[in-house]
Amino acid sequence: MFLKTHKTASSTVLNIMFRFAERYNLTVALPADQLVHLGYPKTFLAHFVEEFEAIGQNYNIMCNHLRFNPSEVKKVMAANTFYFSILRNPIRLLESSYVYYKDNVPAFRISKDVNEFLASPMKYYHLADYKKNMYARNIMWFDFGYDNNAEDNKKYIQAVLKEIEQNFQLILISDYFDESMILLKHTLCWDLDDVIYFKLNSRSQDTVQTLTPESEERIKVWCSLDWKLYLHFNQSFWRRIKETIGLKELEKEVNHLRTRQKELMETCLSDQEAVGKDDIKNKAFLPFQSGDANILGYNLKQDLDNMTLRTCQKMVIPELQYTSYLYTVQHPHKKRKILPLPLTSFQEKTQLPTPN
Ligand SMILES: Nc1ncnc2c1ncn2[C@@H]1O[C@H](COP(=O)(O)OS(=O)(=O)O)[C@@H](OP(=O)(O)O)[C@H]1O
């Protein structure tokens, strides 16, 4: 079970998990009916999962966005399930969140830019809007199921950190994504090819806002719950690496991963890198766009043989399209998901086999 936190490189991890599920014929607990997330931002309930009543605890993977709720998650996932998640430095995360949720989040809407917002967040952040404002403050704390407006109290924070450690076997750090993938691979006894990825859901550089040094400091206070969460698990991440893989072996494996990734990018991509939304030729691969962000995607080479094409398509399919595709594969008799995207049928546009 992967807890997909927001703006933490979690779409790249979801893509890894979905490809793993397909490779080994595993069953994924997918959002029910027309949902694209598992009920988020509502606290997770088992019936948010498609066919939970029939499939019960027999899912192998669950990794779409949800707000963690251990007792309900345990109804869906078997007792021996491996739980992991990913955190990101709250400074980088808040800037990313500001740009992406600029139009959706009341606290972000009226400020000119992220620095103006951070100069006096309480001017824009009203507790009455708490249901829509979670992206503006301690979003990771919220995703783990806790109160993102709670007081910063040492005892309370210690208790939450302890509970997260009890519920999750591994917490990755997106600021060290490749190192995280190697740690994941070791922990789960996976192959290197299982963790090869193309970076998904990234932004064009011109939609990244520059934080002033004052803003960076203010984020540590404004999002102090997330800041402490991050510091704690960043420390345990590196401790774990030193105690298991060792830094030398880690460096070697990270280099292998990067070499393999580069080879695959040369095989698959016509531009060798991610491109802006207007330059994505096949709109089936257009990622969901939001706020002021220009979310990048990929163009595949034209002359790929069928097998290579399939492999490359799966590397670049954005989250919503992949969720919808897997849903149709796993639940062929259900109505297909209608996505909030400018395309008709993902299967038609990509020539992926239409599942029976
Ligand atoms: N491999 C890798 N390494 C480092 N960073 C990565 C990686 N993959 C995605 N990203 C960055 O993660 C941000 C998107 O996060 P999510 O996919 O979790 O966003 S979402 O909540 O699902 O919308 C987004 O951050 P910003 O570009 O700052 O917005 C991505 O660039």
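The values are calculated or read from the model by the stated rules, or taken from the named source; none is laboratory data. Owing to the predicted nature of the structure, the values given are computational and were not obtained by experimental measurement. Virtual Cβ from ideal backbone geometry, glycine too; neighbours counted across all protein chains shown. The area values use the complete protein model at the heavy-atom level, side chains included, leaving out ligands, DNA and RNA. Shrake-Rupley method; radii C 1.70, N 1.55, O 1.52, S 1.80 Å.
Here is how the numbers come out for the structure above:
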item: Qualifying residue in region 123-133 (condition: modelled with pLDDT of 95 or more and among the aliphatic types (A, V, I, L, M)); result: no
item: Identity of the residue in region 228-272, of a type in the set (Asp, Glu) and part of a helix (DSSP H, G or I), that ends up surrounded by the fewest Cβ atoms within 10 Å (Cβ to Cβ); result: Glu243
item: Scope region 237-268; condition out of contact with any helix residue (DSSP H, G or I) (no Cβ under 8 Å at 6 or more places or on another chain) and touching a residue at least 12 places away in the same chain (Cβ under 8 Å); matching residues; result: Gln261, Met265
item: Residue that is nearest to the ligand (Cβ to nearest atom) [pool: residues in region 182-203 that are touching a strand residue (DSSP E or B) at 6+ places or on another chain (Cβ under 8 Å) and assigned to a helix (DSSP H, G or I)]; result: Leu184
item: Residue in region 204-213 that is in a helix (DSSP H, G or I), in contact (Cβ under 8 Å) with a residue 60 or more places away in the chain and more than 14 Å from the ligand (Cβ to nearest atom) present; result: no
item: All positions within region 289-322 that are under 22 Å from Ile338 (Cα atoms), surrounded by fewer than 16 Cβ atoms within 10 Å (Cβ to Cβ) and touching a residue at least 24 places away in the same chain (Cβ under 8 Å); result: Ser290
item: Selection status of Val99, within 12 Å of the ligand (Cβ to nearest atom), β-branched (Val, Ile, Thr) and at pLDDT 95 or above; result: yes
item: Some residue of region 25-41 being within 16 Å of the ligand (Cβ to nearest atom), open to solvent by less than 20 Å² (accessible area, probe 1.4 Å) and in contact with a Cys (Cβ under 8 Å, 6 or more places away or on another chain); result: no
item: Residue list for region 115-125, filter: touching a residue at least 40 places away in the same chain (Cβ under 8 Å) and either surrounded by fewer than 23 Cβ atoms within 10 Å (Cβ to Cβ) or part of a loop (DSSP other than H, G, I, E, B) (or both); result: Asn115, Ala119, Pro121
item: In region 66-92, the residues that are buried (at least 23 other Cβ atoms within 10 Å of the Cβ), under 15 Å from Phe44 (Cα atoms) and within 14 Å of the ligand (Cβ to nearest atom); result: Leu66
item: Criterion (of a type in the set (Gly, Ala, Ser) and exposed (fewer than 14 other Cβ atoms within 10 Å of the Cβ)) met by exactly one of Ala136, Ala107, Ala128; result: Ala128
